[in-house]
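The next block holds one structure in the form of structure tokens; read it before the comments.
The values are calculated or read from the model by the stated rules, or taken from the named source; none is laboratory data. This one's a predicted model, so the numbers in the text were calculated from it and none came from an experiment. Here the Cβ positions follow ideal geometry from the backbone for every residue, glycine too, while neighbour counts run over all protein chains shown. The accessibility values were calculated without ligands, DNA or RNA, using every heavy atom of the protein model including side chains. Shrake-Rupley method; radii C 1.70, N 1.55, O 1.52, S 1.80 Å.
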Amino acid sequence: MKQPSPLSEFDLISRYFANLTASRGDVLLGIGDDAALLEVPPGMALAVSIDTLVAGVHFFADVSPESLGHKSLAVNLSDLAAMGAEPVWATLALTLPEANPSWLEAFVRGFSRLAAIHGVALVGGDTTRGPLSITVQIHGFVPVGQALRRSGARVGDRIYVTGSLGEAALALKRLQAGAGEGLSVELRQRLEMPQPRIEAGLSLRSLANSAIDLSDGLQADLGHILAASGVGARIRLQQLPLCSTVMDWIAKTGEWDQVLAGGDDYELCFTAAADRHDEIQQLSQKLNLAMSHIGEVESMPGLRVIKPDGQPWLATKRGFDHFATPGSGVSDG
Ligand SMILES: [Mg+2]
């Protein structure tokens with residue numbers, strides 16, 4: 001079968017990328033041959049994760065290409081943060097309906113800025129013509145035996161989340177309702193320019209018993225920790241870290257689903273022994289990043305969510321699942 005011709009622009013793109021992402025001594029051979037040659041230092045495990053973003057499913061097709069370049073790398077970096085891994089290399093597969101130089105330049109700018117911040121080298125790529133979709137594979141180092149896992153939560157652990165929750169979901173809700181003009185820059189950035197919590201993940205290696213990044217909503221992602229660890233938990237709604245916009249919105253609508261199942265937060269959720277609380281507070285101050293204690297790990301299976309009045313909150317919506325809820329993604333209409 002005849003393949004669609006690759007975009008000749010990729011040579012230019014890759015050269016542009018090569019100039020803007022980090023150059024690293026562990027890249028023995030980067031872009032330009034049939035394969036990259038990479039060196040993993042002794043004693044390090046290679047952490048590998050891959051994510052695909054598809055127009056109309058994961059983002060609006062008309063989103064700013066600079067934001068998209070940022071986000072396509074950020075969601076991958078967030079997975080490394082959750083493992084306590086240091087990001088090092090990325091590969092990129094771009095499928096584009098057309099080669100639009102200004103779109104590509106802006107995409108590369110967003111991607112490269114974030115890559116440079118975290119010392120990530122782009123070591124390979126592929127470009128194809130087709131419906132807009134972006135796949136990034138990220139590679140990181142973590143000392144053998146020290147990775148943060150979902151399966152390490154213990155009964156009695158405290159549960160924490162970094163940053164604040166619900167803003168990205170609220171921004172998405174407003175954009176879907178066609179109310180994008182009234183959206184504040186802060187709220188829009190929480191959806192389009194998530195900041196991966198790499199520093200937090202690295203420091204938590206020695207403090208946390210388990211961790212996950214929040215991509216599908218607190219309820220679903222904390223549920224993954226509980227299932228992998230064979231434990232249950234209780235969290236309290238009034239302890240969730242919410243900005244004033246989200247708090248006002250909850251006060252008006254009572255829709256806690258937006259915070260618990262909205263997704264796209266890209267914060268870390270982790271558990272740690274209660275006697276590590278002071279160290280976690282110190283780390284939070286050092287990184288200038290909130291680490292909020294939201295509940296405890298318990299032996300009884302399942303997640304119990306407690307409302308401010310002490311009554312249990314009952315879920316009405318699950319975390320975002322592309323296969324379980326077809327058609328519920330972003331419309332590119
Ligand atoms: Mg993840």
Where in the chain are the DSSP H helices whose C-alpha atoms run 20 Å or more along the long axis and whose mean Kyte hydropathy is at least -1.0? 65-83, 101-117
What percent antiparallel are the DSSP beta bridges of segment 150-306, to the nearest 5? 75
Regression test value, accessible area per residue of the chain, probe 1.4 Å, units Å², expected 46
Report the per residue volume, in Å³, of the convex hull enclosing the C-alpha atoms of segment 150-306. 101
Per the Debye formula with a single identical scatterer at each Cα and no solvent contribution, what log10 I(q)/I(0) holds for segment 244-315 at q = 0.11, 0.20, 0.27 Å⁻¹? -0.39, -1.16, -1.30
P(r) tail fraction, segment 9-143 - alpha-carbon pairs more than 17 Å apart, %: 55
Given the C-alpha centroids of segment 135-160 and segment 20-48, what is the distance between them in whole angstrom? 22
Value at 222 nm in deg cm²/dmol, rounded to 500, when DSSP H runs of n ≥ 4 in the chain each add -39,500 (n - 2.57): -10000 deg cm²/dmol
Euclidean distance between Cα centres, segment 97-126 to segment 253-275, Å: 30
Contact order normalised by residue count of the chain, Cα under 8 Å, 6+ apart, percent: 23
Accessible-area composition of segment 150-306, carbon plus sulfur, in percent [1.4 Å probe]: 47
Sort 176-187, 45-56 by the packing proxy (mean of other Cβ within 10 Å over each peptide's residues), most packed first. 45-56, 176-187
